[in-house]
There are 6 protein chains.
Amino acid sequence: MTKLIEYEQASDEVRVVYDDIRATRKTDYINNFWKAIANHPPTLRRTWETLKEVMTSPGELDPLMRELIYIAVSVTNGCEYCIASHTAGAYAKGMSDVMFAELMGIIATANTTNRLANGYQIPLDEQFKT
Amino acid sequence: MTKLIEYEQASDEVRVVYDDIRATRKTDYINNFWKAIANHPPTLRRTWETLKEVMTSPGELDPLMRELIYIAVSVTNGCEYCIASHTAGAYAKGMSDVMFAELMGIIATANTTNRLANGYQIPLDEQFKT
Amino acid sequence: MTKLIEYEQASDEVRVVYDDIRATRKTDYINNFWKAIANHPPTLRRTWETLKEVMTSPGELDPLMRELIYIAVSVTNGCEYCIASHTAGAYAKGMSDVMFAELMGIIATANTTNRLANGYQIPLDEQFKT
Amino acid sequence: MTKLIEYEQASDEVRVVYDDIRATRKTDYINNFWKAIANHPPTLRRTWETLKEVMTSPGELDPLMRELIYIAVSVTNGCEYCIASHTAGAYAKGMSDVMFAELMGIIATANTTNRLANGYQIPLDEQFKT
Amino acid sequence: MTKLIEYEQASDEVRVVYDDIRATRKTDYINNFWKAIANHPPTLRRTWETLKEVMTSPGELDPLMRELIYIAVSVTNGCEYCIASHTAGAYAKGMSDVMFAELMGIIATANTTNRLANGYQIPLDEQFKT
Amino acid sequence: MTKLIEYEQASDEVRVVYDDIRATRKTDYINNFWKAIANHPPTLRRTWETLKEVMTSPGELDPLMRELIYIAVSVTNGCEYCIASHTAGAYAKGMSDVMFAELMGIIATANTTNRLANGYQIPLDEQFKT
């Protein structure tokens, strides 16, 4: 499971994805997440294709914003690996310490009001019904 | 609990907060979330102050980005009320349908990789350790 | 699945549990949760035995405190049914509106600091290590 | 991020909060959570004010009960830091091993019935509708 | 957002996916989930491709088992839509009421022991370390 | 809390359960989870009885399938201990690496569509309403 597939031992199927990760991220570093799911090449391919699409395809959200959203989900779920890797990624994309703190403040507050909404059993306003 | 405190029945303590919500949001509309937690004025005051600070105080994240982060948390947690109200808020702040879809795609993908990271029991890379 | 097993149609196996619920809760009312899981008598029996033990067996926590803890979990998880039923149960056991609001404030705050602890990747203090 | 702000290096803005934590908790120990979020003084101030209010302001729930509720949320969310620190806090406030075990039993059971309520798609009883 | 894209109004890009859903599921019925995410054709395409691959590509898990796993996740997360649709799907694939109940019992128990493991802060056995 | 109760120091009440775990699992190994909750014999007894019933009583789901469902919940919740121990258990019951990867793919995808269903605020199809 946590056998990490290094480039040197990887099959061609896996190397194709590793090459694309390197080219897209402009670094030779393949992190442990990819090396772990590479144990199942279809999972590696599928996951990388999706991540590449949502994080780098042209769109209205800039790359840094996309990382912040990714961190927001990861912090809410408490995924240590993802919090660490995507926070590093966000800093690499230009996040400052102040921006990090603002992000954390919003995540924290949303987790608060989400629970108040549950606990107070609040009926949805007519104007919010879609 | 879901007794909603209307402005007309509200105490001065509550009205002070309602007035600030109206002034800050530039609308007379007080939504059900505020009207519900107004049953406990300290909760109303404290929650509004925090939300106002993280969502509107000057900072590096623009108002629309802050709403997107709020939605990311709410969707991850599955809070119906918050998803509906903050999505409406984001559209009011300039979110387009395409931006909404990009946001959803990132939230969905992050929830995926968060679980793959858990399930494959992936060791944290040295370079991500803080 | 949401076929609700009424006392009149229930097998003896189910009625034994219904009788015990009535005697323990001092009411004839069997709520929909029990009527639904009664479709599978082993689940009904097992779940009632556990709930009865943790909520009513003699111990250091009084009955109302046990309901508050139950609500704290249910609000955190966003389970509508459980929030509604256990909140009603807590009011029946003596919870006041002020106590309810205090409970909600703690639940909300804990959900906040849980995420700050995740996001700031805080190392555990030596004195907290068990 | 996990740069911990020690009292000696702290700004006046941060020291004001540290002093209040020490006075309120009647100990000189400032734990890593506060030292970490102190990297952003507004977050430190705001979080401490809220926590202080919900956990120590006069009310109907005694201090130990408030810690138990805090633990219930933290265990449900799986926040290692919070589980460890608040469990230590509860023991300091008088929780016994038996009370701890009772608390865990209720948390565990609530997480069970929350899911049964979801999975069996149980309709909410009329008498629970608010 | 909850504008549902019917086949008749759909673009060719969307119809290609709808046709594949119909062919794969051997039914003309396109459910609301697909009709909703069809508002963003890349999301529709990507999500369908992934779901089709994990749920129908040849493998060691039979189709019914895959639905049970899907339900286990959905019940744990409390996603009403997914619980309802995948439960219907599992019944269509041969799940019996008894199997449903067994599934629910395991989901419930796992959610219990997950929290006991958190709360008791249990150290991982050497033999489980990978 | 993380005081682990070894067989040699255990009371008769605890040993009865340990003996049953050993007999049922056909191994002398009692893992840390049981040794930890053994600090409270009622919790140990109750938890073992339930786990034994849902995981080993005769039924329609075979033992390996039951472990896969258990893993699905544990991965979704991010419980490190349970992921590690039940993954080891599944391998012992015959899970192959390919099956593990298929399982992970389904868990990941379900966590994705659960959030898309939340975020797109999708109305439940008539035919799924129970």
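To the nearest whole number, what is the average tally of beta carbon atoms from other chains within 10 Å of the beta carbons of peptide D:60-72?
The per-residue average across the peptide is 6.
Size of the dipole of chain D about the Cα centre, Lys and Arg at +1 and Asp and Glu at -1 on the beta carbon, nothing else charged, in debye to 20? Before the final figure, lay out the partial values.
Working: 13 positive and 17 negative charges, 42 e Å.
With only Lys, Arg, Asp and Glu charged at Cβ, the dipole is about 200 debye.
Order of C:17-27, D:49-59 by packing, highest average Cβ count within 10 Å first? Present the calculation step by step, with values, prior to reporting the outcome.
On the way: C:17-27: 14.1, D:49-59: 16.6.
Descending mean neighbour count gives D:49-59, C:17-27.
Pairs of alpha-carbon atoms within less than 8 angstrom and 6+ residues apart define the contacts here; what relative contact order does region E:60-130 have, in percent?
On the way: 26 pairs, mean separation 22.5, N = 71.
Rounded, it is 32 percent for region E:60-130.
Taking the convex hull of the Cα atoms, report for the protein assembly as shown its projected area averaged over all directions, in nm². Don't skip to the answer; put the middle values down first.
Values: hull surface 130.9 nm².
Mean projected area for the protein assembly as shown: 32.7 nm², to one decimal.
Take every residue in peptide F:21-31, count the Cβ atoms of other chains within 10 Å of its Cβ, and give the average of those counts.
On the way: counts 0, 0, 0, 0, 0, 0, 0, 0, 2, 1, 5.
Counting other chains' Cβ atoms within 10 Å and averaging over F:21-31 gives 1.
With every protein chain present, what accessible area does residue B:45 have (1.4 Å probe, heavy atoms only), rounded to the nearest 10 Å²?
About 80 Å², ignoring ligands and nucleic acids.
With a 1.4 Å probe and every protein chain left in place, work out the accessible area per residue of the protein assembly as shown in Å², rounded to a whole number. Intermediate values should be presented prior to the final figure.
Details: 29580 Å² over 780 residues.
With all protein chains present, the protein assembly as shown gives 38 Å² per residue.
How far apart, in nanometres, would the label points at residue C:20 and residue B:26 be if each is projected 7 angstrom from Cα along the Cα-to-Cβ direction?
Once both label points are built, they end up 6.3 nm from each other.
Which value, in debye to the nearest 20, gives the size of the charge dipole of region F:53-130 about its Cα centre, when Lys and Arg are +1 and Asp and Glu are -1 at the Cβ? Working shown, then result.
Details: 4 positive and 9 negative charges, 35 e Å.
Charge dipole of region F:53-130: 160 debye, to the nearest 20.
Taking the square root of 5 times each eigenvalue of the Cα gyration tensor, what semi-axes in Å does the equivalent ellipsoid of region E:17-84 have, largest first? The partial results should precede the final answer.
Values: eigenvalues 78, 55, 25 Å².
Working from the Cα gyration tensor, I get semi-axes of 20, 17, 11 Å.
What's the local net charge at residue C:59, with K and R +1, D and E -1, over the other residues with C-beta under 10 Å away? Walk me through the numbers before you get to the answer.
Details: positive: C:66; negative: C:53, C:60, C:62, D:102.
Local charge sum for residue C:59: -3.
Shape call for chain A from the C-alpha gyration tensor, a ≥ b ≥ c root eigenvalues: rounded (a/c under 1.5), prolate (a/b greater than b/c) or oblate?
Details: a/c = 2.24, a/b = 1.99, b/c = 1.13.
Judged from the Cα gyration tensor, chain A comes out prolate (a/c at least 1.5, a/b above b/c).
From the helices alone, meaning DSSP H stretches of at least four residues, give me the mean residue ellipticity at 222 nm for chain B, per-run term -39500 (n - 2.57), in deg cm²/dmol to the nearest 500. Could the numbers behind the result be given before it?
Values: 6 runs with 87 residues, N = 130.
When only DSSP H runs of four or more count, the value is -21500 deg cm²/dmol.
For region C:1-87, give the percent of accessible area contributed by carbon and sulfur heavy atoms, probe 1.4 Å, rounded to a whole number.
Details: 1750 of 3550 Å².
Roughly 49 percent of what the probe reaches on region C:1-87 is carbon or sulfur.
Work out the FRET efficiency for residue C:98 and residue A:12 from their Cβ-Cβ distance, taking R0 = 60 Å, and round it to the nearest 0.05.
Values: r = 67 Å, r/R0 = 1.12.
Given R0 = 60 Å and the Cβ-Cβ separation, E is 0.35.
Explain nothing, just the number: dipole magnitude of the protein assembly as shown about its Cα centre with +1 on each Lys and Arg Cβ and -1 on each Asp and Glu Cβ, in debye rounded to the nearest 20. Working shown, then result.
Numbers: 78 positive and 102 negative charges, 0 e Å.
Rounded to the nearest 20 debye, it is 0 debye.
With bins 5 Å wide starting at 0, give me the P(r) of region F:71-122 over every alpha carbon pair, in whole percents.
5, 19, 23, 23, 13, 8, 6, 3, 0
Residue E:3: which lysines have alpha carbons under 28 Å from its alpha carbon, excluding same-chain residues fewer than 8 sequence positions away?
A:52, A:129, B:93, E:26, E:35, E:52, F:129
Could you state how much accessible area is buried at the C-D interface, both sides summed, with a 1.4 Å probe, in Å² to the nearest 100? Don't skip to the end; give the middle numbers.
Working: alone 9130 and 9140 Å², together 12770 Å².
So the buried area, both faces added, is about 5500 Å².
So what is the relative contact order of chain E, in percent, for Cα pairs below 8 Å that sit 6 or more residues apart?
Value for chain E: 17 percent.
Restricting to Cα pairs below 8 Å that are 6+ residues apart, what does the relative contact order work out to for region D:1-57? Please round to a whole percent. Walk me through the intermediate numbers first.
Working: 36 pairs, mean separation 24.1, N = 57.
Relative contact order here is 42 percent.
With no solvent and one equal point scatterer placed on each C-alpha of region D:2-53, evaluate the Debye formula and give log10 I(q)/I(0) for q = 0.21 Å⁻¹, two decimals.
The computed values of log10 I(q)/I(0) come out as -0.65.
The values are calculated or read from the model by the stated rules, or taken from the named source; none is laboratory data. Given the structure is predicted, the values throughout are model-derived calculations rather than measurements. FYI the Cβ positions are ideal-geometry reconstructions off the backbone, even for glycines, and counts take in every protein chain you see. What goes into the accessible areas is simple: the full protein's heavy atoms, side chains included, and nothing from ligands, DNA or RNA. Shrake-Rupley method; radii C 1.70, N 1.55, O 1.52, S 1.80 Å.
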